[in-house]
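Data first, discussion second: the structure below is written as structure tokens.
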Amino acid sequence: MKVSELQEHGFTALTLPDGDREIVGAYMGDLLSWVMGRARADAAWITIMSNQNVAAVAVLADVSCVILTEGVTLDENVKGLAEAKGINVLTTALPSYEAAVRLSELI
Amino acid sequence: MSEPLVFHYDVDGSDFTSAGQASVFVKRNLRQLGLDPEIIRRVSIAMYEGEINMVIHAEGGEADVIVTEDAVEIVLKDHGPGIADVEKAMQEGYSTATSSIQSLGFGAGMGLPNMKRYSDEMQIDTELGVGTTVRMKIRLT
Ligand SMILES: Nc1ncnc2c1ncn2[C@@H]1O[C@H](COP(=O)(O)OP(=O)(O)OP(=O)(O)O)[C@@H](O)[C@H]1O
Ligand SMILES: [Mg+2]
């Protein structure tokens, strides 16, 4: 499914510069080097981390979107950065596990 | 492309939050060169881990990326504390990162293993109190 379609299923877009991107699988984790090493290209990355480094990792690991859980949002400057780098970021009030379960029903 | 293409960056060691800029820049350049996306991804990840290590463990350094017809070579040079036991540092999970660095999401002890995994060749030259140079090569063919 396309990243933008997540909005119809309880995920709120914070940035959506590349909403047509297709989601292929997912990876859940908050430690950046694990994500770098294990997430596949085009995966959705589920995390509670929302600092600036997340934007860099998302670009370099080439994930299709970042899904912030537990209601985490982005600071304005990180939001601007994600936007500029073409990174889709969505948020949900669900905890990471429930968000992953939800996503797996969808993709 | 007969002449090798060289990119040089000074990696600022004082700013953890914006670390990774050199890698993001290299990625953009390699894209413009039209390299295979999977190769670009491997270069990006290997370089990012090395760049971050220079920032969090060595107060910054220099990065050179050399693109030739058959490989991308990444050279990361710092004048930090050096690595006492390289074999130990290469193990998954080994980290000396402080808890404040861990709170940013670093310090899993996975950086060097990732660099090894995503490069075809990797060499670490390090001396305590002098610095560390990491060379990685990702073959294009
Ligand atoms: N350039 C460097 N200078 C000095 N020490 C280094 C350098 N690079 C790595 N190290 C040492 O090697 C250890 C392991 O590095 P590695 O990149 O695998 O993990 P990390 O940086 O601690 O955590 P992660 O990369 O998962 O965020 C570091 O904790 C540090 O002690
Ligand atoms: Mg590291």
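The values are calculated or read from the model by the stated rules, or taken from the named source; none is laboratory data. Bear in mind that the values here come from a model prediction, so they are computed numbers and not experimental data. As a convention, Cβ positions derive from the backbone with ideal geometry for all residues, glycine included, and neighbour counts pool all protein chains shown. All accessible areas refer to the heavy atoms of the entire protein, side chains included, with ligands and DNA or RNA removed. Shrake-Rupley method; radii C 1.70, N 1.55, O 1.52, S 1.80 Å.
Do we have residue B:74 as crowded, with 18+ Cβ neighbours inside 10 Å, away from ligand 2 (no atom under 13 Å from the Cβ) and farther than 20 Å from residue B:16 by Cβ here? Working first, answer last.
Details: crowded, with 18+ Cβ neighbours inside 10 Å: yes; away from ligand 2 (no atom under 13 Å from the Cβ): yes; farther than 20 Å from residue B:16 by Cβ: yes.
Yes: the conditions hold for residue B:74.
I'd like to know if segment A:32-46 contains one or more residues that are facing another protein chain (nearest Cβ under 7 Å) and open to solvent by 40 Å² or more (accessible area, probe 1.4 Å). Break it down into steps so the answer makes sense when it comes.
If we filter segment A:32-46 for residues that are facing another protein chain (nearest Cβ under 7 Å), which is where we start, we get A:32-34, A:36-37, A:41.
Remaining after also requiring open to solvent by 40 Å² or more (accessible area, probe 1.4 Å): A:34.
Looking for residues that are facing another protein chain (nearest Cβ under 7 Å) and open to solvent by 40 Å² or more (accessible area, probe 1.4 Å), one finds at least one in segment A:32-46, hence yes.
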Per the filter on segment B:102-117, residues more than 8 Å from chain A (Cβ to nearest Cβ) and near ligand 1 (Cβ under 8 Å from one of its atoms) are B:112, B:115
Scan segment B:100-127 residue by residue and report those that are part of a helix (DSSP H, G or I) and either open to solvent by less than 90 Å² (accessible area, probe 1.4 Å) or within 15 Å of residue B:51 (Cα to Cα) (or both). B:100, B:101, B:102, B:111, B:112, B:113, B:114, B:115, B:116, B:118
Given the residues B:64, B:78, B:125, B:120, which is the only one that is more than 10 Å from every other protein chain (Cβ to nearest Cβ), more than 10 Å from ligand 1 (Cβ to nearest atom), at pLDDT 95 or above and touching a Ser or Thr at 6+ places or on another chain (Cβ under 6 Å)? B:125
Would you mind stating whether residue B:40 is hydrophobic (A, V, I, L, M, F, W, C), at the interface with chain A (Cβ under 10 Å from one of its Cβ atoms) and either out of contact with any strand residue (DSSP E or B) (no Cβ under 7 Å at 6 or more places or on another chain) or not in a helix (DSSP H, G or I) (or both)? yes
If we keep only residues of segment A:1-20 that are assigned to a loop (DSSP other than H, G, I, E, B) and open to solvent by less than 50 Å² (accessible area, probe 1.4 Å), then the residue farthest from residue A:105 (Cα to Cα) is A:19
